[in-house]
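A.B. asks: Dumping the structure here so I can ask a few things about it.
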Amino acid sequence: MATVLDVAKRAGVSPMTVSRVVNSSGPVSPKLRTRVEKALKETGYVPNSVARNLRTKRTDTIGLVMPDITNPFFTHVVRGVEGAARDAGLLLLLTNTDQRPDEEARVVSMLLQRQVDGMLAIPAGTCAETARLCKDAGVPLVIVDRRPETPGSIDVVRADSEGGAYELGKLLASLGHRYVAAITGPAYVPTAVDRAAGFSQAVQEEGLPPPIILHGDFSLESGHEMTMELMKLDPRPTAVFAANNFLAIGTQHAVEELGLRVPEDVALVGLDDLPADMVTFPFLTVAAQPAEEMGRRAVALLLKRIKEPGAPPEEILLPTELTIRRSSGDPLPV
(Lines give C-alpha, C1' and ligand atoms only; values in the text may rest on other atoms or scores of the structure.)
Protein backbone atom coordinates (compact mmCIF):
# COMPACT_ATOMS: atom_id res chain seq x y z
CA MET A 1 0.00 0.00 0.00
CA ALA A 2 1.11 3.51 -0.77
CA THR A 3 2.41 5.61 2.13
CA VAL A 4 2.48 9.33 2.83
CA LEU A 5 6.13 9.30 1.73
CA ASP A 6 5.14 7.77 -1.63
CA VAL A 7 2.51 10.45 -2.17
CA ALA A 8 4.92 13.22 -1.12
CA LYS A 9 7.58 11.96 -3.53
CA ARG A 10 5.07 11.74 -6.42
CA ALA A 11 3.73 15.26 -5.75
CA GLY A 12 7.13 16.79 -5.02
CA VAL A 13 6.05 18.11 -1.63
CA SER A 14 6.83 17.39 2.00
CA PRO A 15 5.03 14.64 3.97
CA MET A 16 3.61 17.40 6.19
CA THR A 17 1.88 18.97 3.19
CA VAL A 18 0.34 15.61 2.28
CA SER A 19 -0.86 15.19 5.86
CA ARG A 20 -2.47 18.61 5.82
CA VAL A 21 -4.37 17.82 2.64
CA VAL A 22 -5.50 14.37 3.81
CA ASN A 23 -6.60 15.54 7.26
CA SER A 24 -7.67 19.09 6.34
CA SER A 25 -5.49 20.14 9.24
CA GLY A 26 -3.63 23.19 7.97
CA PRO A 27 -3.21 25.79 5.22
CA VAL A 28 -2.18 24.53 1.78
CA SER A 29 -2.13 26.62 -1.39
CA PRO A 30 -4.61 25.64 -4.10
CA LYS A 31 -1.75 24.75 -6.44
CA LEU A 32 -0.11 22.38 -3.96
CA ARG A 33 -3.48 20.88 -2.97
CA THR A 34 -4.17 20.03 -6.61
CA ARG A 35 -0.76 18.34 -6.95
CA VAL A 36 -1.26 16.32 -3.77
CA GLU A 37 -4.80 15.25 -4.69
CA LYS A 38 -3.54 14.09 -8.09
CA ALA A 39 -0.74 12.12 -6.42
CA LEU A 40 -3.23 10.56 -4.00
CA LYS A 41 -5.27 9.22 -6.91
CA GLU A 42 -2.24 8.02 -8.86
CA THR A 43 -0.73 6.15 -5.91
CA GLY A 44 -4.04 4.79 -4.61
CA TYR A 45 -3.23 6.03 -1.13
CA VAL A 46 -5.76 5.06 1.57
CA PRO A 47 -5.63 7.07 4.83
CA ASN A 48 -4.90 5.01 7.93
CA SER A 49 -8.07 5.62 9.95
CA VAL A 50 -6.86 3.42 12.80
CA ALA A 51 -3.79 5.59 13.35
CA ARG A 52 -5.85 8.76 13.07
CA ASN A 53 -8.40 7.46 15.57
CA LEU A 54 -5.64 6.62 18.02
CA ARG A 55 -4.63 10.26 17.91
CA THR A 56 -8.14 11.67 18.17
CA LYS A 57 -9.53 8.95 20.48
CA ARG A 58 -12.49 8.62 18.11
CA THR A 59 -13.53 5.58 16.07
CA ASP A 60 -16.06 7.38 13.85
CA THR A 61 -18.52 4.56 14.53
CA ILE A 62 -21.90 4.51 16.26
CA GLY A 63 -23.93 1.52 17.38
CA LEU A 64 -27.64 0.87 16.81
CA VAL A 65 -29.45 -1.70 18.94
CA MET A 66 -32.85 -2.67 17.57
CA PRO A 67 -35.43 -5.26 18.71
CA ASP A 68 -36.66 -6.79 15.44
CA ILE A 69 -34.92 -6.25 12.12
CA THR A 70 -37.74 -8.02 10.26
CA ASN A 71 -40.29 -5.35 11.19
CA PRO A 72 -40.66 -2.81 8.33
CA PHE A 73 -41.07 0.03 10.83
CA PHE A 74 -37.66 -0.61 12.36
CA THR A 75 -36.15 -1.11 8.91
CA HIS A 76 -37.22 2.43 8.05
CA VAL A 77 -35.75 3.73 11.31
CA VAL A 78 -32.45 2.07 10.30
CA ARG A 79 -32.65 3.72 6.91
CA GLY A 80 -32.91 7.14 8.54
CA VAL A 81 -30.07 6.37 10.94
CA GLU A 82 -27.78 5.00 8.23
CA GLY A 83 -28.36 7.97 5.93
CA ALA A 84 -27.67 10.51 8.65
CA ALA A 85 -24.62 8.59 9.86
CA ARG A 86 -23.23 8.40 6.34
CA ASP A 87 -23.72 12.14 5.84
CA ALA A 88 -21.77 12.71 9.05
CA GLY A 89 -18.92 10.45 7.94
CA LEU A 90 -19.75 7.77 10.51
CA LEU A 91 -19.86 3.99 10.23
CA LEU A 92 -22.98 2.32 11.63
CA LEU A 93 -22.76 -0.98 13.54
CA LEU A 94 -26.18 -2.63 13.64
CA THR A 95 -27.32 -5.30 16.10
CA ASN A 96 -30.62 -7.13 16.59
CA THR A 97 -31.93 -8.38 19.94
CA ASP A 98 -34.99 -10.39 18.86
CA GLN A 99 -36.85 -8.43 21.57
CA ARG A 100 -34.84 -10.15 24.32
CA PRO A 101 -33.53 -7.93 27.16
CA ASP A 102 -30.73 -10.41 27.96
CA GLU A 103 -29.54 -10.33 24.35
CA GLU A 104 -29.71 -6.53 24.41
CA ALA A 105 -27.30 -6.38 27.34
CA ARG A 106 -24.92 -8.70 25.50
CA VAL A 107 -24.84 -6.77 22.21
CA VAL A 108 -24.58 -3.40 23.97
CA SER A 109 -21.51 -4.71 25.81
CA MET A 110 -20.03 -5.90 22.51
CA LEU A 111 -20.52 -2.50 20.88
CA LEU A 112 -18.97 -0.74 23.87
CA GLN A 113 -15.96 -3.07 23.65
CA ARG A 114 -15.52 -1.88 20.08
CA GLN A 115 -15.32 1.68 21.42
CA VAL A 116 -18.20 3.20 19.50
CA ASP A 117 -18.39 6.97 19.82
CA GLY A 118 -22.10 6.83 20.64
CA MET A 119 -25.06 4.49 20.93
CA LEU A 120 -28.63 4.49 19.67
CA ALA A 121 -31.00 1.95 21.19
CA ILE A 122 -34.58 0.81 20.73
CA PRO A 123 -34.82 -1.20 23.96
CA ALA A 124 -36.44 -4.62 24.10
CA GLY A 125 -37.80 -3.76 27.54
CA THR A 126 -36.95 -0.85 29.76
CA CYS A 127 -33.87 1.18 28.91
CA ALA A 128 -32.37 0.95 32.43
CA GLU A 129 -29.65 -1.65 31.82
CA THR A 130 -28.54 -0.21 28.49
CA ALA A 131 -28.41 3.26 30.03
CA ARG A 132 -26.32 1.95 32.93
CA LEU A 133 -23.84 0.17 30.65
CA CYS A 134 -23.37 3.25 28.47
CA LYS A 135 -23.03 5.56 31.47
CA ASP A 136 -20.38 3.33 33.05
CA ALA A 137 -18.46 3.32 29.76
CA GLY A 138 -18.80 7.08 29.28
CA VAL A 139 -20.53 6.59 25.91
CA PRO A 140 -23.40 8.92 24.91
CA LEU A 141 -26.77 7.19 24.44
CA VAL A 142 -29.98 8.19 22.67
CA ILE A 143 -33.12 6.11 23.17
CA VAL A 144 -35.36 5.77 20.10
CA ASP A 145 -39.08 4.91 19.96
CA ARG A 146 -39.33 4.29 23.71
CA ARG A 147 -40.25 6.33 26.76
CA PRO A 148 -37.73 6.18 29.61
CA GLU A 149 -39.04 5.29 33.05
CA THR A 150 -37.81 8.63 34.42
CA PRO A 151 -38.69 11.52 32.05
CA GLY A 152 -35.86 13.97 31.48
CA SER A 153 -33.18 11.49 32.53
CA ILE A 154 -31.83 10.60 29.09
CA ASP A 155 -31.89 11.76 25.46
CA VAL A 156 -34.96 10.41 23.63
CA VAL A 157 -36.40 10.62 20.12
CA ARG A 158 -39.85 9.07 19.78
CA ALA A 159 -43.23 9.58 18.22
CA ASP A 160 -46.38 10.40 20.15
CA SER A 161 -47.73 6.86 19.81
CA GLU A 162 -50.00 7.36 22.82
CA GLY A 163 -51.56 10.30 20.98
CA GLY A 164 -51.88 8.21 17.83
CA ALA A 165 -53.64 5.45 19.75
CA TYR A 166 -55.92 8.09 21.26
CA GLU A 167 -56.92 9.29 17.77
CA LEU A 168 -57.71 5.74 16.70
CA GLY A 169 -59.87 5.23 19.79
CA LYS A 170 -61.80 8.40 19.00
CA LEU A 171 -62.27 7.24 15.42
CA LEU A 172 -63.77 3.88 16.41
CA ALA A 173 -66.07 5.56 18.92
CA SER A 174 -67.25 7.99 16.25
CA LEU A 175 -68.09 5.05 14.00
CA GLY A 176 -70.49 3.70 16.63
CA HIS A 177 -68.38 0.92 18.18
CA ARG A 178 -69.22 0.31 21.82
CA TYR A 179 -67.40 -2.92 22.59
CA VAL A 180 -63.74 -2.62 21.60
CA ALA A 181 -60.41 -4.25 22.42
CA ALA A 182 -56.72 -3.41 22.28
CA ILE A 183 -53.87 -5.87 21.76
CA THR A 184 -50.40 -4.65 22.59
CA GLY A 185 -46.86 -5.68 23.49
CA PRO A 186 -45.35 -6.79 26.81
CA ALA A 187 -46.51 -4.97 29.92
CA TYR A 188 -42.87 -4.23 30.83
CA VAL A 189 -42.38 -2.17 27.65
CA PRO A 190 -43.45 1.44 28.33
CA THR A 191 -44.50 1.97 24.71
CA ALA A 192 -46.88 -1.00 24.85
CA VAL A 193 -48.51 0.39 27.99
CA ASP A 194 -48.70 3.94 26.58
CA ARG A 195 -50.51 2.85 23.43
CA ALA A 196 -53.10 0.86 25.34
CA ALA A 197 -53.56 3.78 27.74
CA GLY A 198 -54.09 6.32 24.95
CA PHE A 199 -56.66 4.10 23.26
CA SER A 200 -58.46 3.39 26.54
CA GLN A 201 -58.62 7.07 27.46
CA ALA A 202 -60.19 7.97 24.12
CA VAL A 203 -63.01 5.43 24.23
CA GLN A 204 -63.83 6.11 27.88
CA GLU A 205 -64.02 9.85 27.20
CA GLU A 206 -66.81 8.95 24.78
CA GLY A 207 -68.74 7.30 27.57
CA LEU A 208 -67.89 3.74 26.53
CA PRO A 209 -66.89 0.93 28.87
CA PRO A 210 -63.13 0.33 29.31
CA PRO A 211 -61.73 -1.67 26.38
CA ILE A 212 -60.47 -5.20 26.79
CA ILE A 213 -56.66 -5.00 26.82
CA LEU A 214 -54.45 -8.00 26.12
CA HIS A 215 -50.65 -7.98 26.40
CA GLY A 216 -48.44 -10.28 24.31
CA ASP A 217 -45.43 -9.79 22.04
CA PHE A 218 -45.10 -7.26 19.23
CA SER A 219 -45.30 -10.11 16.71
CA LEU A 220 -47.61 -11.51 14.04
CA GLU A 221 -47.99 -14.77 15.97
CA SER A 222 -48.97 -12.96 19.15
CA GLY A 223 -51.49 -10.83 17.26
CA HIS A 224 -53.07 -13.99 15.87
CA GLU A 225 -53.19 -15.67 19.28
CA MET A 226 -54.68 -12.70 21.13
CA THR A 227 -57.27 -12.09 18.42
CA MET A 228 -58.38 -15.72 18.54
CA GLU A 229 -58.88 -15.24 22.28
CA LEU A 230 -60.92 -12.08 21.72
CA MET A 231 -63.15 -13.72 19.13
CA LYS A 232 -64.19 -16.39 21.66
CA LEU A 233 -65.81 -13.76 23.87
CA ASP A 234 -69.56 -13.32 23.99
CA PRO A 235 -70.26 -10.74 22.89
CA ARG A 236 -67.09 -10.38 20.89
CA PRO A 237 -65.54 -6.96 20.22
CA THR A 238 -66.74 -5.20 17.09
CA ALA A 239 -63.40 -3.41 16.69
CA VAL A 240 -59.75 -4.14 17.55
CA PHE A 241 -56.84 -1.75 17.98
CA ALA A 242 -53.47 -3.41 17.23
CA ALA A 243 -50.54 -1.58 18.81
CA ASN A 244 -48.11 -2.27 15.94
CA ASN A 245 -48.14 -3.42 12.34
CA PHE A 246 -47.26 -7.06 13.02
CA LEU A 247 -50.06 -7.35 15.57
CA ALA A 248 -52.46 -5.91 12.98
CA ILE A 249 -51.44 -8.50 10.38
CA GLY A 250 -51.87 -11.27 12.95
CA THR A 251 -55.33 -9.95 13.77
CA GLN A 252 -56.38 -9.92 10.13
CA HIS A 253 -55.15 -13.49 9.64
CA ALA A 254 -57.06 -14.69 12.71
CA VAL A 255 -60.28 -12.98 11.66
CA GLU A 256 -60.09 -14.51 8.19
CA GLU A 257 -59.25 -17.93 9.62
CA LEU A 258 -62.52 -17.81 11.59
CA GLY A 259 -64.50 -17.06 8.45
CA LEU A 260 -65.06 -13.43 9.44
CA ARG A 261 -64.26 -10.28 7.49
CA VAL A 262 -62.46 -7.00 8.11
CA PRO A 263 -64.16 -4.53 8.39
CA GLU A 264 -67.62 -6.01 7.86
CA ASP A 265 -67.50 -8.21 10.98
CA VAL A 266 -64.57 -6.71 12.88
CA ALA A 267 -63.12 -3.24 12.35
CA LEU A 268 -59.33 -3.07 12.62
CA VAL A 269 -56.98 -0.12 13.24
CA GLY A 270 -53.29 -0.07 14.11
CA LEU A 271 -50.07 1.80 14.89
CA ASP A 272 -47.47 2.01 12.09
CA ASP A 273 -48.12 1.69 8.39
CA LEU A 274 -46.91 -1.00 6.01
CA PRO A 275 -44.71 -0.18 3.00
CA ALA A 276 -46.66 0.05 -0.25
CA ASP A 277 -44.65 -2.80 -1.80
CA MET A 278 -45.81 -5.20 0.97
CA VAL A 279 -49.56 -4.92 0.33
CA THR A 280 -51.71 -5.36 -2.76
CA PHE A 281 -53.58 -2.17 -2.00
CA PRO A 282 -53.65 0.20 0.98
CA PHE A 283 -56.15 -1.26 3.44
CA LEU A 284 -55.25 -0.65 7.07
CA THR A 285 -56.35 2.44 8.99
CA VAL A 286 -53.29 3.58 10.94
CA ALA A 287 -51.64 6.21 13.05
CA ALA A 288 -48.25 6.13 11.36
CA GLN A 289 -45.00 7.12 13.06
CA PRO A 290 -42.35 9.01 11.02
CA ALA A 291 -39.80 6.19 11.17
CA GLU A 292 -37.05 7.59 8.94
CA GLU A 293 -37.30 11.03 10.51
CA MET A 294 -36.96 9.45 13.94
CA GLY A 295 -33.74 7.79 12.78
CA ARG A 296 -32.31 11.01 11.35
CA ARG A 297 -33.24 13.08 14.38
CA ALA A 298 -31.73 10.48 16.70
CA VAL A 299 -28.34 10.69 14.95
CA ALA A 300 -28.45 14.50 15.08
CA LEU A 301 -29.18 14.41 18.80
CA LEU A 302 -26.41 11.86 19.39
CA LEU A 303 -23.88 14.04 17.55
CA LYS A 304 -24.97 16.99 19.68
CA ARG A 305 -24.52 14.92 22.83
CA ILE A 306 -21.03 13.82 21.74
CA LYS A 307 -20.10 17.47 21.16
CA GLU A 308 -21.80 18.78 24.32
CA PRO A 309 -21.67 15.98 26.90
CA GLY A 310 -22.71 18.26 29.74
CA ALA A 311 -25.89 19.63 28.14
CA PRO A 312 -29.26 18.73 29.74
CA PRO A 313 -31.01 15.63 28.28
CA GLU A 314 -33.54 16.31 25.52
CA GLU A 315 -36.73 14.59 24.43
CA ILE A 316 -37.87 15.02 20.84
CA LEU A 317 -41.53 14.04 20.41
CA LEU A 318 -42.74 13.71 16.83
CA PRO A 319 -46.43 13.59 15.79
CA THR A 320 -48.11 10.57 14.24
CA GLU A 321 -50.21 10.83 11.09
CA LEU A 322 -53.75 9.40 11.01
CA THR A 323 -54.61 7.71 7.71
CA ILE A 324 -58.16 6.37 7.42
CA ARG A 325 -58.62 3.44 5.05
CA ARG A 326 -61.09 0.60 4.57
CA SER A 327 -60.18 -1.57 7.58
CA SER A 328 -61.97 0.75 10.03
CA GLY A 329 -65.20 0.39 8.05
CA ASP A 330 -68.29 2.54 7.79
CA PRO A 331 -70.33 3.85 10.72
CA LEU A 332 -72.30 1.10 12.44
CA PRO A 333 -76.10 1.27 12.09
CA VAL A 334 -77.75 2.96 15.03
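The values are calculated or read from the model by the stated rules, or taken from the named source; none is laboratory data. Just so you know, these numbers come straight off a predicted model, no measurement behind them. All Cβ positions, glycine included, derive from the backbone under ideal geometry; neighbour counts span all protein chains shown. Accessible surface areas use protein heavy atoms only, side chains included; no ligands, DNA or RNA. Shrake-Rupley method; radii C 1.70, N 1.55, O 1.52, S 1.80 Å.
A.B. asks: Taking a probe of 1.4 Å, how large is the accessible area per residue of the chain, in Å²? Spell out each step's value before the answer.
C.D. replies: Details: 16240 Å² over 334 residues.
Value for the chain: 49 Å² per residue.
A.B. asks: Over the chain, what percent of the accessible surface lies on carbon and sulfur atoms, probe 1.4 Å?
C.D. replies: Working: 8800 of 16240 Å².
That fraction is 54 percent.
A.B. asks: Based on the mean of other beta carbon atoms within 10 Å per residue, what is the order of 166-173, 8-15, most packed first? If you can, show how the numbers build up before the last one.
C.D. replies: Numbers: 166-173: 22.9, 8-15: 16.1.
Listed from highest to lowest mean packing, they are 166-173, 8-15.
A.B. asks: Given R₀ = 45 Å, FRET efficiency for TYR179-GLU314 by Cβ-Cβ distance, to 0.05?
C.D. replies: On the way: r = 41 Å, r/R0 = 0.92.
Between TYR179 and GLU314 the formula returns 0.65.
A.B. asks: What whole-number distance in Å separates the alpha-carbon centres of the range 1-35 and the range 219-234?
C.D. replies: Taking the Cα centre of each part, the range 1-35 and the range 219-234 sit 67 Å apart.
A.B. asks: Note down the net charge around SER14, summing +1 for each Lys or Arg and -1 for each Asp or Glu among other residues with Cβ under 14 Å from its Cβ.
C.D. replies: On the way: positive: LYS9, ARG10, ARG20, ARG33, ARG35; negative: ASP6.
With Lys, Arg at +1 and Asp, Glu at -1, the neighbours total +4.
A.B. asks: With charges set only on the Cβ (+1 for Lys and Arg, -1 for Asp and Glu), what does the dipole of the range 190-240 come to about its Cα centre, in debye to the nearest 20?
C.D. replies: Working: 3 positive and 8 negative charges, 17 e Å.
Its charge dipole is roughly 80 debye.
A.B. asks: For ALA2 and GLU103 in the same chain, what is the full-extension length gain: residue separation times 0.36 nm, less their Cα-Cα distance, in nm?
C.D. replies: Details: separation 101, 0.36 × 101 = 36.36 nm, distance 4.20 nm.
Contour length minus Cα-Cα distance gives 32.2 nm.
A.B. asks: Right, something else. Take the alpha carbon gyration tensor of the chain, find the square roots of its eigenvalues, order them as a ≥ b ≥ c, and report rounded if a/c is under 1.5; if not, report prolate when a/b exceeds b/c, else oblate. It would help to have the intermediate numbers written out before the result.
C.D. replies: Details: a/c = 3.08, a/b = 2.52, b/c = 1.22.
Prolate.
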